[in-house]
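Some notes on the structure that comes next.
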Amino acid sequence: MKNRLSIQKLFKRKDLLNKNVNFFTMRPASSWHPEVGVFSHDGKKWTVKDYSRCNWIVRNTYGRFLLRKELNNICSLNDVEGIPKEPFLVDEDCIAFEFIEGKRLRDCTKDEISTEYLLECEKILSEIHKKGYVHLDTGAMGNWLVKPDNRPALIDFQSAMRTNFVPKSVKRLLRAIDLRGVYKKWMVFRPDEMGTKRRIAAEKTEKVRRIWLFHPLKKKDK
C-alpha cells in the first residue's frame with residue numbers, strides 16, 4: 001500500500017483554474033455533491049472530484065471525509081487490476097486519480113458484454129476482498145466500465161471499507177452483497193450462462209439484504 005502522504009501531487013488548484021481549455025465536466029457541482037470532471041494535464045487525463053463549490057457545511061465535514069476515505073481506499077488497492085491508479089489530493093477539497101477510458105456498463109447492449117467480461121468483474125472483486133476491503137456499490141451500473149480492450153474497470157471507492165476488524169459473519173455478508181452486484185449483471189446480460197450457483201447466491205443475498213440495517217440507506221441499482 002502506498003502511503004498517501006508520499007504520493008506526488010501532479011498538479012495543483014491553480015492548474016484547474018484553466019478549466020475552459022483542459023476540463024470537461026461530467027457532473028456539475030451542487031450544494032451537496034462535488035463537481036466531477038476529466039482534466040487533461042501534461043498529456044494525461046485525470047478524473048477530478050471537487051467539493052470546493054459545495055456549501056460550507058458539506059465542504060468542511062463529510063466532503064473532506066469522503067475525499068480522504070476514497071484516497072486511502074484507492075491507495076490500499078492500487079495494485080489491483082481494473083481500478084483507478086495514482087490518486088492524490090489536489091487540495092483539501094479535491095481529489096484526482098487516473099481517468100479510465102471506457103463505456104459505462106449502463107450504456108451497453110447485451111451483445112457488447114461477454115461471459116469473459118463478467119468473470120473478470122468477479123476476479124476484480126476477489127482481489128479487492130483479498131486485500132481486506134469491500135466496495136459496497138457494485139450494483140450501480142455506472143460504477144462499471146467497459147474499457148477499449150473489452151475488459152472491466154470498477155470506479156467510485158468512497159463507499160468502500162476495510163473489513164479486517166469486522167466480525168466474520170458480517171464480512172461474509174458484505175462480500176456476498178458485493179458479488180450480488182455482479183450476479184445482477186449476469187441476469188441482465190448473460191442470464192443463460194449465469195449458472196444455478198450464481199442465481200441461488202444472488203437470490204439468497206437479496207433476501208438478507210432487504211432486512212439488514214443499512215438497506216434503507218442504499219441506492220437502488222442503476
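What follows draws every value from the coordinates through simple rules; no lab data is involved. This structure is a prediction, so every number in the text was calculated from the model and none was measured. When we count neighbours, we look across all protein chains shown, and the Cβ atoms used for this are built from the backbone with ideal geometry, even at glycine.
With θ taken as phi - 60° and the coefficients 6.51, -1.76 and 1.60, list the Karplus ³J(HN,Hα) couplings across segment 198-203 in order, rounded to whole Hz; mark glycine and proline as x.
After applying 6.51 cos²θ - 1.76 cosθ + 1.60, I find 5, 5, 5, 4, 5, 5 Hz.
Give a residue-ordered list of calculated ³J(HN,Hα) values for segment 114-126 (Karplus: 6.51 cos²θ - 1.76 cosθ + 1.60, θ = phi - 60°; whole Hz; x for Gly, Pro).
Using θ = phi - 60°, the values come out as 9, 5, 4, 4, 5, 5, 6, 4, 4, 5, 4, 5, 4 Hz.
Counting C-alpha atoms alone, how compact is the chain: give Rg to one decimal and Dmax as a whole number, in angstrom.
Here Rg and the maximum Cα pair distance are 17.9, 54 Å.
Over 21 Å between Cα atoms, which of LYS85/LYS131; LYS45/LYS85; LYS9/LYS45; LYS103/LYS130 qualify?
Details: LYS85/LYS131 16 Å; LYS45/LYS85 12 Å; LYS9/LYS45 14 Å; LYS103/LYS130 27 Å.
Beyond 21 Å: LYS103/LYS130.
For ARG199 and LYS130 in one chain, what is 0.36 nm times their gap in residues minus the Cα-Cα distance, to one decimal in nm? Write out the running numbers ahead of the final one.
Numbers: separation 69, 0.36 × 69 = 24.84 nm, distance 2.31 nm.
Taking 0.36 nm per residue and subtracting the Cα distance, the gain is 22.5 nm.
Report, by chain and number, residues whose modeled amide H sits under 5 Å from the one on VAL90, excluding near sequence neighbours (fewer than 5 apart, same chain).
Counting only residues 5 or more places away or on other chains, the set is ILE95, ALA96.
Taking 0.36 nm per residue of sequence separation and subtracting the Cα-Cα distance, how much length would be gained by fully extending the chain between LYS103 and GLU116, in nm to one decimal?
3.0 nm
Suppose every Lys and Arg Cβ carries +1 and every Asp and Glu Cβ carries -1, with no other charges. What dipole size does the chain come out with about its Cα centre, to the nearest 20 debye?
Charge dipole, the chain, about its Cα centre: 880 debye, nearest 20.
Once fully extended, how much extra length lies between GLU81 and TRP32, figured as 0.36 nm per residue of separation less the alpha-carbon to alpha-carbon distance?
Full extension of this stretch gives 14.5 nm more.
If you plug each phi of segment 45-56 into the Karplus form 6.51 cos²θ - 1.76 cosθ + 1.60 with θ = phi - 60°, what whole-Hz ³J(HN,Hα) values come out, in order, with x for Gly and Pro?
9, 10, 7, 10, 10, 10, 8, 5, 9, 6, 5, 4
Please name which of GLY132, VAL188, GLN158 has its Cα lying farthest along the dipole of segment 103-215 towards the positive end, using unit charges on Cβ (Lys, Arg +1; Asp, Glu -1) and the Cα centre as origin.
Value: GLY132.
Which semi-axis lengths, in whole Å and largest first, follow from the square roots of five times the eigenvalues of the Cα gyration tensor of segment 4-98?
Equivalent ellipsoid semi-axes, largest first: 20, 17, 12 Å.
For a distance above 22 Å, tell me the whole-number percent of Cα pairs in segment 43-147 that qualify. Intermediate values should be presented prior to the final figure.
Details: 2151 of 5460 pairs.
Distances greater than 22 Å cover 39 percent of the Cα pairs.
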